[in-house]
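First comes the structure, then the notes that go with it.
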Amino acid sequence: MAVEFWRWKEYNWHDPEADPRAAEVLSVGIDVGSVSSQAVIMADGKLFAFSNMRTGSDSPESASKALAWALEDTGLTLEDLHYAVGTGYGRVNVPFAQKAITEIACHARGANFMYGPAVRTVLDMGGQDCKAIHCDEKGKVRAFLMNDKCAAGTGRGMEVMADLLSVPIEEVGEMSLDVDEEPPPVSSTCVVFAKSEASGLLRQGWPKNRVLASYCSAMAHRVCALLERIGIEESFAITGGIAKNSGVVSRIEKELGVEALKTETDSQIAGAAGAALFARALYLKSKSGN
Amino acid sequence: MLANYGYTDGSGEYFITVDTDKCVECEGRPCAGACPAGVIEIITDDYDDQVCAVRDEHRKQIKYSCAPCKPASGWKTLPCTDACPHDALTHSW
């Protein structure tokens with residue numbers, strides 16, 4: 001069987017120390033993205049459990065699978081959860097969600113939760129789109145800009161390159177930094193063109209790390225142009241799968257002259273975490289009758 | 001909130017920006033009716049405000065959807081921005 005170098009690690013997690021039954025509100029956020037799906041369960045606004053997996057061809061099924069995996073070994077069932085919010089491109093297809101909220105609002109809220117209230121600019125580098133968001137100290141969106149016209153500057157583009165070069169996607173970032181001198185970037189406007197260029201560079205004898213450096217540089221340049229359109233306000237945070245790619249993150253930081261905040265939490269769950277926080281607020285609002 | 005709808009591609013940047021803080025003040029929202037291509041719609045956003053937005057189906061093609069109202073087609077000003085009483089709507093191109 002052929003090795004799928006693009007395939008990133010799918011996993012679930014729950015806090016073994018927490019007692020979710022003692023929580024007043026158990027809220028869940030489901031982010032059904034174009035490439036990955038996440039379910040985040042919060043107990044009174046604190047992260048309790050989550051799952052992160054690949055989105056299948058069926059959005060409702062992906063949402064249900066992500067939630068089932070997040071609930072695994074927690075002793076909880078869907079019936080124990082008080083409120084669910086769906087987000088991401090498949091947000092209207094989450095069968096058990098009471099409300100759908102855009103991923104823009106959810107990523108801002110999630111970044112505020114994961115990186116702290118100082119975050120003012122969020123760059124969400126998703127599977128098939130890229131969003132630049134300004135938010136306030138409460139994680140409310142003040143401005144946003146999204147590019148989902150093409151895969152350049154997205155996770156899917158990076159997956160294509162990992163496959164082309166037969167490099168596991170988790171190793172792409174570090175490998176791209178292992179160059180003596182930064183090579184010129186490949187095409188930053190189209191993944192198909194970038195892939196053709198990269199193939200040409202390999203034929204010219206470029207080593208893999210140099211080609212990856214060239215692609216990471218192009219990706220960084222692409223998203224920096226998006227960010228510069230709405231402006232950078234510190235503090236700055238990156239969410240989404242590409243936030244785990246040190247090669248892209250360090251080049252973005254260098255181009256912008258701003259250091260991105262770091263977090264211990266998986267950057268891919270930011271949207272679902274924001275949705276879970278919205279779910280908690282909506283549940284409390286419905287309970288109070290306002 | 002500044003909501004930017006549109007995209008960047010190899011040929012340029014095509015964004016319609018809605019300043020929702022201004023838009024929410026508007027009662028009639030004549031922009032939606034003024035757009036001959038039906039690009040603009042009124043939505044309830046994530047914060048429960050009624051504001052105008054670019055319809056989903058036009059977001060990846062606004063360069064073409066809005067082309068009939070651009071100067072090359074004989075217009076001097078845009079019907080949507082002309083109709084907006086609060087200057088809440090702008091085009092980037």
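Listed values, structure above:
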| item | result |
| --- | --- |
| B:TRP75 being away from every other protein chain (no Cβ under 12 Å), in contact with a helix residue (DSSP H, G or I) (Cβ under 6 Å, 6 or more places away or on another chain) and not charged (D, E, K, R) | yes |
| So A:ALA49, is it buried (at least 20 other Cβ atoms within 10 Å of the Cβ), assigned by TED's automatic domain parsing to the domain that holds A:ASP19 and touching a Leu at 6+ places or on another chain (Cβ under 9 Å) | yes |
| Residue match in region A:95-103 (condition: out of contact with any strand residue (DSSP E or B) (no Cβ under 8 Å at 6 or more places or on another chain) and more than 27 Å from A:GLU264 (Cβ to Cβ)) | yes |
| Filter result (out of contact with any Phe, Trp or Tyr (no Cβ under 8 Å at 6 or more places or on another chain) and in a helix (DSSP H, G or I)) within region A:271-290 | A:GLY271, A:ALA275, A:ALA276, A:PHE278, A:ALA281, A:LEU284, A:LYS285, A:LYS287, A:SER288 |
| Hits in region A:16-64 - residues which are among the charged types (D, E, K, R), outside any strand (DSSP E or B) and more than 14 Å from A:GLY86 (Cα to Cα) | A:GLU17, A:ASP19, A:ARG21, A:GLU24, A:ASP44, A:ASP58 |
| Meets criteria (within 12 Å of B:PRO85 (Cα to Cα) and among the acidic types (Asp, Glu)) for B:GLU25 | yes |
| Lone qualifier among A:VAL249, A:VAL191 - being surrounded by 20 or more Cβ atoms within 10 Å (Cβ to Cβ), β-branched (Val, Ile, Thr) and more than 18 Å from the chain's Cα centre (by Cα) | A:VAL191 |
| Looking only at region A:82-101, and only at residues there that are crowded, with 21+ Cβ neighbours inside 10 Å and of a type outside the set (A, V, I, L, M, F, W, C), the one that is farthest from A:ALA43 (Cα to Cα) | A:GLY90 |
| Meets criteria (without any contact (Cβ under 8 Å) to a residue 24 or more places away in the chain and either in a helix (DSSP H, G or I) or crowded, with 22+ Cβ neighbours inside 10 Å (or both)) for B:ALA32 | yes |
| Every residue from region A:1-38 that is exposed (fewer than 15 other Cβ atoms within 10 Å of the Cβ), small (Gly, Ala, Ser) and either assigned by TED's automatic domain parsing to the domain that holds A:TRP69 or in contact with a Phe, Trp or Tyr (Cβ under 8 Å, 6 or more places away or on another chain) (or both) | A:ALA22 |
| Matching option when the condition is free of Cβ contacts under 8 Å to residues at least 60 places away in the same chain and either over 10 Å from the mean Cα position of the chain (by Cα) or in a loop (DSSP other than H, G, I, E, B) (or both), among B:LYS63, B:LYS22 | B:LYS63 |
| Pair list, Cβ under 9 Å, 6 or more apart: region A:189-204 residue of a type in the set (Phe, Trp, Tyr), other residue crowded, with 18+ Cβ neighbours inside 10 Å | A:PHE193/A:ALA152; A:PHE193/A:VAL186; A:PHE193/A:SER187 |
| Verdict on A:PHE278 being out of contact with any Pro (no Cβ under 6 Å at 6 or more places or on another chain) and not assigned by TED's automatic domain parsing to the domain that holds A:LEU177 | yes |
| Tally, over region A:137-165, of residues that are more than 10 Å from chain B (Cβ to nearest Cβ) and modelled with pLDDT of 90 or more | 11 |
| Index of the failed condition, A:ASP178 passing every other in (1) farther than 23 Å from A:SER34 by Cα; (2) within 14 Å of chain B (Cβ to nearest Cβ) | (2) |
| Selection from region A:176-188 of residues that are touching a residue at least 24 places away in the same chain (Cβ under 8 Å) and more than 21 Å from the chain's Cα centre (by Cα) | A:LEU177, A:ASP178, A:VAL179, A:GLU182, A:PRO183, A:PRO184, A:PRO185, A:VAL186, A:SER187 |
| Within region B:4-58, tally of residues that are among the small types (Gly, Ala, Ser), touching an Asp or Glu at 6+ places or on another chain (Cβ under 8 Å) and within 11 Å of another protein chain (Cβ to nearest Cβ) | 2 |
| Scan of region B:45-78 for residues that are within 20 Å of B:GLU25 (Cα to Cα) and acidic (Asp, Glu), ordered by number | B:ASP45, B:ASP46, B:ASP48, B:ASP49 |
| Residue in region A:253-263 that is under 26 Å from A:ARG91 (Cβ atoms), in a helix (DSSP H, G or I) and either within 22 Å of the chain's Cα centre (by Cα) or among the small types (Gly, Ala, Ser) (or both) present | no |
| Residue count for region A:94-121, restricted to those that are under 22 Å from A:THR55 (Cβ atoms), β-branched (Val, Ile, Thr) and more than 14 Å from chain B (Cβ to nearest Cβ) | 1 |
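The values are calculated or read from the model by the stated rules, or taken from the named source; none is laboratory data. Everything numeric here is computed off the predicted structure, so don't read it as measured data. All Cβ positions, glycine included, derive from the backbone under ideal geometry; neighbour counts span all protein chains shown.
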